[in-house]
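Here the structure comes first, spelled out in structure tokens, and everything after it is commentary.
The values are calculated or read from the model by the stated rules, or taken from the named source; none is laboratory data. The shown structure was predicted, so the numbers you read here are calculated from the model rather than taken from an experiment. Here the Cβ positions follow ideal geometry from the backbone for every residue, glycine too, while neighbour counts run over all protein chains shown.
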Amino acid sequence: MASVRASLARVFRPFWRWYQRNYLAVLVLTAGVFLLQLFHLYWLFTDVVLERITGRSFFGQGAIAQAVGTSSLIADYLEVPTLISASLLYVNELRKRFSWRPLGYLFMLNTQWAHILWITDEVVVEAFAGPGAGLQWHHAVAWGAILVDFLEVPVIIDTLRRVWAERNEITRRMSSRMGSTTPATFPATKL
């Protein structure tokens, strides 16, 4: 077992070195793409959940709703790379030292695979549409899929917290790449 672990460590060592050098870029990119997921969650809550509870959709119409829908569609296409990228944030943290918090975030994040591969948004919408609307899934399964979608929220908040905590270093690196000699600094705050 120890030799397998040592072999795996040797194989992945170049990747983790690259990852550490590019950690801030990966973090900012992951948080930015994760923010798109909020449009999807907004649609899911206002158009699916509230309609199921109240009988009325609160998802608007017109240009704003179309923009939210487009952002939600983009988020859906970027969901797999985002899940992988965010998972690597927590695997990297667990690699350094074990903690239950990153393990919990990793679990919440990776429950999305069941949602992506099994109970898609279309299945949830059809399950709530009533009889004669295609496949009939049990409503509890549909609610479970919605819950799984919202398990991303704590992970989104954590990635944003990490970006906030690293904001001075991010600004310093951006300034140095643009040729500025006096990077902006922000007051230290503990999150």
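Sub-7 Å Cβ pairs linking a first residue in segment 22-41 that is under 14 Å from Asp76 (Cα atoms) to a second residue that is of a type in the set (Phe, Trp, Tyr) and assigned to a helix (DSSP H, G or I), at least 6 apart or interchain, are Leu41/Phe150, ordered by first then second residue.
Screening Thr30, Thr54 for residues that are closer than 27 Å to Glu166 by Cα and among the β-branched types (Val, Ile, Thr) leaves exactly one candidate, Thr30. Looking across segment 132-191, just one residue is surrounded by 14 or more Cβ atoms within 10 Å (Cβ to Cβ), of a type in the set (Phe, Trp, Tyr) and modelled with pLDDT under 75, and that is Trp137.
Counted as qualifying within segment 37-120 are the helices (runs of 4 or more DSSP H) with 1 or more residues that are at pLDDT 90 or above, more than 17 Å from the chain's Cα centre (by Cα) and more than 23 Å from Asp158 (Cβ to Cβ), namely 50-54.
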